[in-house]
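Any read-out appearing in this document is the output of simple, stated calculations on the displayed coordinates, not a laboratory observation. Here the structure is a predicted model, which means the values were calculated and not measured. Heads up, the Cβs are rebuilt from the backbone with ideal geometry, glycines too, and the neighbour counts pull from every protein chain shown.
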Amino acid sequence: MCIAGGVGLNCSMNSRILQDSPFENVFVQPSTHDAGTALGAAYYIYNTMLGNDRNFVINHAYWGPEYSVEEIKAELDLDKLKYTHHQDISKKCAELINDGKIIGWFQGRAEWGPRALGNRSILANATSSEMQDIVNKYVKHREDFRPFAPAVLKESSGDFFDFNHESPFMLFICDVKPEKRKLIPAVTHTDGTARVQTVDQKYNKLFYDVIKNFGEINGIPIVLNTSFNVAGEPVVTTPKEAIRCFFSTGIDCLIMGNYLVEKDDSTT
């Protein structure tokens, strides 16, 4: 079954269909809201009107704008920000997350659709019992009951969640295994569920490496992942928007490309 349209953002519905219907596989496209009609229109023309064969599979959602290293550095310099360059930025990010830092993570092409899936994300420590409240209080400013999502290595998903499918677009709810709930309190809802994102090395190696490195440090290959924005604003797209969001919230560190800006020592 393939699902599109705004109803596809109902993760609970998607999960019930997957669990309780005869369908063995359920695919929900990443831009499953009104903007996603552009995809249907394009493929109706390409496949039906022009008669081309179906030759494309949506394996990832990274189809938005991208900014080069030179463009990112130019924006940092223009704003007179102090920054450091790190060759292994995934490892550095994982270390900062383990230290309790909230990270604004800006990489590659922006996600197509409403979910931040590791390119325009705010990342934090999923194993911290206080982190949900901290991110809500200092960054997101949204209702306390709304849970944040776990981003987990695809191959480790079954170790923590009762879920035997891929969820690359964060559009399914599943149960966190009872014995694992205390290990990832920041991303476990009060009913023991989570809106999981499975991360495949093939489609986002940089984000995958952040989670892998964090797992090697902490023992849990899962990070808290939420969209890089504040309530009432769209997800950041450009380096300038990322910098503005960084300084207007309680985000501790901004990572764009291989550049790290830390709030304690960020301005000249």
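Exposure proxy ranking for PHE228, PHE161, PHE56, based on other Cβ atoms within 10 angstrom of each Cβ and starting from the fewest, stands as PHE56, PHE161, PHE228.
Paramagnetic label reach from TYR43 (point 7 Å along Cα→Cβ; backbone nitrogen cut-off under 20 Å): within region 188-211, residues 203. Over all pairs of different C-alpha atoms, region 10-169 has a mean inverse distance whose reciprocal, the Kirkwood radius, equals 19.1 Å. One quarter of the convex hull surface built on the alpha carbon atoms of region 56-102 amounts to 5.5 nm², the projected area averaged over directions. Each principal axis of the Cα cloud of region 133-268 was taken in turn, and the coordinate range along them, longest first, works out to 48, 33, 25 Å. The value given for region 198-268 is a Kirkwood hydrodynamic radius of 13.9 Å, derived from the mean inverse Cα-Cα separation.
Evaluate Rg over Rh across region 14-85, taking Cα atoms for both radii and Kirkwood's formula for Rh. Walk me through the numbers on the way to the answer.
Working: Rg = 20.1 Å, Rh = 16.6 Å.
So for region 14-85, dividing Rg by the Kirkwood Rh gives 1.21.
Given +1 on the Cβ of Lys and Arg, -1 on the Cβ of Asp and Glu, and no further charges, what dipole in debye does the chain carry about its Cα centre, rounded to the nearest 20?
It comes to approximately 140 debye.
Applying D = kT/(6 pi eta Rh) to region 2-49, where Rh is the Kirkwood radius over alpha-carbon pairs, T corresponds to 25 °C and eta to 0.890 mPa s, the Stokes-Einstein value obtained is 211 µm²/s.
So for region 98-142, considering every pair of alpha-carbon atoms, how many percent are separated by more than 11 Å? When every Cα pair of region 98-142 is considered, 68 percent fall beyond 11 Å. Under 19 Å of direct C-alpha separation, and excluding same-chain neighbours fewer than eight residues apart, LYS91 reaches these aspartates and glutamates: ASP99, ASP200, ASP209, GLU216, ASP252, GLU262. P(r) tail, the chain: Cα-Cα pairs separated by more than 28 Å, 34% of all pairs.
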